[in-house]
Structure formats: C-alpha cells, structure tokens
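The block underneath contains the structure these notes are about, expressed in structure tokens.
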Amino acid sequence: SLLKILYILIEEVDDVFVCERNTEYLDAISRLKVIDDDFMRIVFKDKECLTQFLEIILERPIEIIEWHVQYDINNILGRSISIDVFVKTENHYINIEVQRDYTGANPRRARFHGSLIDASTSYPKEEWKDLPHMIIIFITEEDVLGYGLPIYHVHRTIDENNQIFDDGSEIIYINASIQEDNALGRLMHDFLCSETSDMHYEFLRKRVSYFKETEGGRKEMCEIWEEIKRKGKQEGIIEGETRGRIERTIQLIQKMMTKKGYTLEEAFNFFDIPEEERSIYIQKIIS
C-alpha cells in the first residue's frame, strides 16, 4: 500500500520535521485513499467521522460507546486476528474491514472474525439472549461476491421455509466498484478518491484534507508512522528472540530423546512447556 511506501521514505530520514518536507513523502500522502486500510484506520480514529460513515452504511442513527482501530484479539489455542476497526454500541459489536481482493474477504474469514469477537467479549454466565448483535462489514475494491450488486446483506436462513434464523449476526459486503448516485455510491466514490476536492461528503473531506493538506496533519502522519516503525522494530526483536528460544529448546528436546531416551511428552514436561504451545514445537520437530 502507499503507507508502506511512506514507511520506506521515512526510514531514510531521521528527523520527522525534515521528512514532512520531503517531496516524495508528500507525493505519497497526496495519493492516499480511504480504501487503503492503514489510512482508513487513521481516518476513523475520529469518532464523528466513524459515526457518520456507519450511519450511511446501516441507514440508521448510531451512538458509539467505544471504538478501536487495529484492534488485536488474541487466541491462545489457535489463530489470532488484528481487525481494522472495532466498534461497540449499546446493542451491537461492529467490525469494519477493508479488503481489496477475494482472498482477504473470504466468507469464512467473516465467520472466524465473528467467532473470536464473541469469545473475547462474552463473559461467564451471560444469558445467551443478551449477546449483542454483531455486524461484520467488508469494504472491497472489486465485486468479490460476483453478483453485480453495490451492497450485500447476509443473514442465516432456515432452508425449509426461507425464514430468517435470528442468531444476532449479520455480514455486509460493500462493493466499492459500483458508485451509484445515492448515499452509499457517493460514499464509495469518496473512499476511492485521492483528491479531496472531488469528495462528496464534508465529514470525510475535512478529515482527509487535514492529513493531506495541512502542515499539522502531515507532521502528525509522519509521527504516526514513526511510532509504527518503532513498534515494528520492537516486535521484530521480540519475535526473533522467541524464535531463537524455541529453536534452542527444540535442539535440547531432540538431544534428550535421542541420548537420554525421553519421550516427547517427558521432554515437554521437563522444560515446563505449556500445553497450548506444544503444537508449535511438534510442527517444527516434524518439519
């Protein structure tokens, strides 16, 4: 994405104030679109902007209680996720994702996101009927479902009578390639706009203009990306240390099994490796 280009440009400059004046950097900012997922997260840090976006999509008033961008949900038993935008209202949990191709917007991904959101937000002894309604929204640059519609609302139904099976979940696919002369079409037009002067909606134009056309906004973007770069380096160091620790432990396990006659389970117990981590070691030993 263009923000990855910004990352490369910023890496070459030590001073964030200098990089704010870098012509390549400014050119990369000018070409950003809201449909670039990293930029969308920055844009939707603003509550009012996010609220108006959701009200156009859902066609009803929305009162946001809490919202997060790049919201991580960890799963100690399997795959974790980082979702673009997570919103909590009085009666809803809403996950907004920008995906530019079918692979990233596969229907089973929506199922997985919903299951982890339920698992991470519900609490023991909560009445099943009290689980909040959940909406997963995918915004895609192309028509990934292939039926030629601008928007798809997906619910479960009963096969025998085609009635809605109300489990409180809904998936919405928005096809940004269709930009009809209505509220949704104008919104998707704005999502694909790189020129703020061409945008229909003032709330988006104002927010995007701040980052693209003001000195303060460009400086803020530079600082945001510097922070992303710093965190990325830290995570890389931690990941490298973890990978190294696992590799060293595997070598010791293999020695104990071949020279001391330990079983794999006995070696795991000797090194106090938690049950939920053992599958990682097994996969690496097998490979």
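The values are calculated or read from the model by the stated rules, or taken from the named source; none is laboratory data. The model shown is predicted, which means the values in this text are computed figures rather than measured ones. Ideal geometry is used to build each Cβ from the backbone, glycine not excepted, and the neighbour counts take in all protein chains shown. We work out accessible area using only protein heavy atoms, side chains counted, and drop any ligands, DNA or RNA first. Shrake-Rupley method; radii C 1.70, N 1.55, O 1.52, S 1.80 Å.
Descriptive notes on the structure:
- Between the stretch 36-84 and the stretch 110-162, the alpha-carbon center distance in angstrom: 15 Å
- Across the stretch 145-159, computed HN-Hα scalar couplings (Karplus, 6.51 cos²θ - 1.76 cosθ + 1.60, θ = phi - 60°) run 8, x, 9, x, 9, x, 8, 10, 9, 10, 10, 7, 10, 8, 4 Hz from first to last residue, x flagging Gly and Pro.
- Summing +1 for each Lys or Arg and -1 for each Asp or Glu among the other residues whose beta-carbon sits under 11 angstrom from that of Arg205 gives -2.
- Entries of Lys33/Lys88; Lys125/Lys284; Lys88/Lys219 with Cα pairs more than 27 Å apart: Lys125/Lys284; Lys88/Lys219
- With DNA, RNA and ligands ignored, accessible area of Ser80 (1.4 Å probe; Å², nearest 10): 50 Å²
- Shape class for the stretch 93-210, computed from the alpha carbon gyration tensor (a ≥ b ≥ c): prolate, with a/c not under 1.5 and a/b above b/c.
- The gain in end-to-end length when the Arg245 to Glu220 segment is fully stretched comes to 5.3 nm, 0.36 nm per residue minus the alpha carbon separation.
- Residues whose amide H lies under 5 Å from that of Ile137, counting only those 5 or more places away or on a different chain, are Asn95, Ile96, Glu97, Ile172; hydrogens are built 1.01 Å from N in the peptide plane.
- Derived scalar couplings ³J(HN,Hα) [the stretch 169-181; Karplus, 6.51 cos²θ - 1.76 cosθ + 1.60; whole Hz; x for Gly, Pro]: 10, 8, 10, 10, 9, 10, 9, 5, 6, 9, 10, 6, 7
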